[in-house]
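The values are calculated or read from the model by the stated rules, or taken from the named source; none is laboratory data. If you're wondering where the values come from, they're calculated on a predicted model, not measured in any experiment. Here Cβ is always computed from backbone atoms with ideal geometry, including for glycine, and neighbour counts include all displayed protein chains.
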Amino acid sequence: MIGMMVLSFLAGCGVFTALRPRAEALSLLPIAAGAGIGIGMLSCFYFVYISAAGSAGSNYLIVDAIFCAACAMIGSRIARWRTVPAIDAAQATSSSPLRKVLHIVLAINVCGALGALITQSLMYPYGNWDAMAIWNNHARVLFRSGEFWNENYSELPMWTHGNYPLLLPAFVSRCWEFSKVDSPGGPALVAATFTLGTAALLYSFLKRLVDASSAALAAAILLGFWTFTWLGAAQYGDIPVAYFELGALGMLCLAETSGSRSTLVLAGMFAGFAAWTKNDALPFICGMIVIHALVSWRLHSFGEALTRASILLLGALPGLAALIYFKVTVAPPNWIMAEQRGIPWDKLSDLSRHAAIAKAFAASLLRVAPAVTPPVLLLAYAILAGVRMPERCRAAAITALLTLPFMLAVFYAVYLITPTPLEWQLEHSLDRVLMQLLPSCLLVLFLFTRPLEAQPQP
Amino acid sequence: MTTFRRRAALCVVALLCLLSLAFNAQWVRAYVLRKPAAIDNIAALEARLSSLTASFPQRGACGYRSDRDTHPFIVQHALVPMQLSESGSPEWLVVNYHDGCSVTVEGYEIVAAGAEGVALLRRQTP
């Protein structure tokens, strides 16, 4: 199982090194980004393979290994052609007491998150509710059905949400193909990768875009959110979505800072894989590309906006193509849309629904509870430290800033028209879906906040 | 930035660090200090399940079609009757259910039950 993760990781690292920003030398970023890219790519590859061949069969293992090796080798070859300047000496060597303390806090929280992931996996080896009923269930159908996977998958009962995309189930099933048994270790390993990978991505982006202290503080806060780490350990799909959305926005900023078009492909790739993970992320990719095009048009030119949108779409192609094929050929109808009969004017005009949703949003966003960092405190930090405009990645940062309220508006609209009882839906999903945006919120917050240590402006 | 604002910002950073560190107490209390024996129960159940499933072929079995559903599978949901009506009656069932709920499946008897919401059921012979 670990071998399979390593193979996909090597493939992901290969693609990352081929497309990485030029100024990005050796750091945590290739590891953090490569892990997710590898999972996304191999998930698409597995899905395409079983769609074309009917089932995985015995040849799949060889084909998979060849694909991973090819990605890793081609990536490293391309990386050799590209110049990678040395890290800024001041940034690499300078240190301060504040930086040291924040890194110690981060190290404690990383160990804590690792402990939580391991103990949760031992106590609940099949994950929690959504993991059992949706993600691992779908993976098991793919793995156990053999040549009947399409037929069986199409007939999944409504409650298991067969319409959800297949990034997680396909990758887990791929791991099981190698181990020959659907053991709970596969999903647990994937969950740990995404949980710790999100913190590593956030740290890497902020270290590059702001400074190491801000990066350590943001990553420590993220892991300190009990709901975030719990959802990761419980094998829910929201944490992989959070990982890919953060990756898309962070890569967008890095692409602009380094002037690298190829990194824009990576941003699109992350966004595409987010959509291939969960339906919730489909508006994200649309919103991010449209908002970035509009901001680029405003700050640069129409041609530049068109070029950037095209490159983002190109990068998103693997995830989007797999998603479209899945929706057209395999997936049953979306349960929210299937139960709508035209525009639900009665729900849209029901003021009590608006009030209930607004109240639940406010309660979740302002919550003060033990072991939960209140968002108000984060805002207080931003105000006290001072707000700034990250000039070197202005268009990307504004895109990230605008994409978050856009996503909140999408969630609000979905709650407004949901066919299930509103109170129940809010109680069981709001905290969870808000966690999808938490890492990106932290990225934006620290991007627009002046670092406490004297550092050159990005 | 004035000295006062910088000090205030540093105080907020310290508070943020303390709150994030409190998470560790949370998970230790939730997992480590709570029912440590439960892990052993699950492990024992898993071991028994492994020995049972090892004797069945892994492939060709899926929980949703009665004609191919002759092997054990994981129901993983509280809506067991709904699953069974759609999938026939396999000989073995492994049911995950919410803590605090009881498992009653008509025509099945509980062979083993873990403390963390996992139960192994076998079809009763008529």
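What is the number of the single condition among (1) surrounded by fewer than 24 Cβ atoms within 10 Å (Cβ to Cβ); (2) in contact with a helix residue (DSSP H, G or I) (Cβ under 8 Å, 6 or more places away or on another chain); (3) within 11 Å of another protein chain (Cβ to nearest Cβ) that residue A:218 does not meet? The number of the failed condition is (1).
Considering each of A:250, A:224, A:232, A:237 in turn, give the residue that is surrounded by 24 or more Cβ atoms within 10 Å (Cβ to Cβ) and modelled with pLDDT under 90. Steps first, answer last, please.
On the way: A:250 fails: modelled with pLDDT under 90; A:232 fails: modelled with pLDDT under 90; A:237 fails: modelled with pLDDT under 90.
Of the residues listed, the single one that is surrounded by 24 or more Cβ atoms within 10 Å (Cβ to Cβ) and modelled with pLDDT under 90 is A:224.
Of these, A:343, A:336, A:324, which one is at pLDDT below 80, within 18 Å of residue A:277 (Cα to Cα) and surrounded by fewer than 17 Cβ atoms within 10 Å (Cβ to Cβ)? Before you say what the answer is, go through the steps one by one.
Working: A:343 fails: within 18 Å of residue A:277 (Cα to Cα); A:324 fails: at pLDDT below 80.
Criteria check complete, one pass: A:336.
Pairs linking a residue in the range A:384-399 that is more than 12 Å from chain B (Cβ to nearest Cβ) and over 16 Å from residue A:208 (Cβ atoms) to a residue that is at pLDDT 90 or above and surrounded by fewer than 22 Cβ atoms within 10 Å (Cβ to Cβ), with Cβ atoms under 6 Å and 6 or more positions apart or on different chains, are A:395/A:295; A:395/A:299; A:398/A:295; A:399/A:291; A:399/A:295. Candidates in the range A:265-291 are the residues that are farther than 20 Å from residue A:44 by Cα and surrounded by 22 or more Cβ atoms within 10 Å (Cβ to Cβ); of these, the one that is farthest from the chain's Cα centre (by Cα) is A:289. Residue A:369 fulfils the conditions (1) modelled with pLDDT of 95 or more; (2) among the hydrophobic types (A, V, I, L, M, F, W, C); (3) not in a helix (DSSP H, G or I) except for a single criterion, (1). For the range A:172-183, the criterion of being closer than 18 Å to residue A:330 by Cβ and free of Cβ contacts under 8 Å to residues at least 60 places away in the same chain is met by at least one residue.
I'd like to check which helices (runs of 4 or more DSSP H) are fully inside the range A:193-281 and have at least 3 residues that are on the phi > 0 side of the Ramachandran plot.
none
Here is a list of conditions, (1) crowded, with 21+ Cβ neighbours inside 10 Å; (2) at the interface with chain B (Cβ under 9 Å from one of its Cβ atoms); (3) over 30 Å from residue A:446 (Cβ atoms), and residue A:116 meets all of them except one; can you say which number that is? Among (1) crowded, with 21+ Cβ neighbours inside 10 Å; (2) at the interface with chain B (Cβ under 9 Å from one of its Cβ atoms); (3) over 30 Å from residue A:446 (Cβ atoms), the lone unmet condition for residue A:116 is (3).
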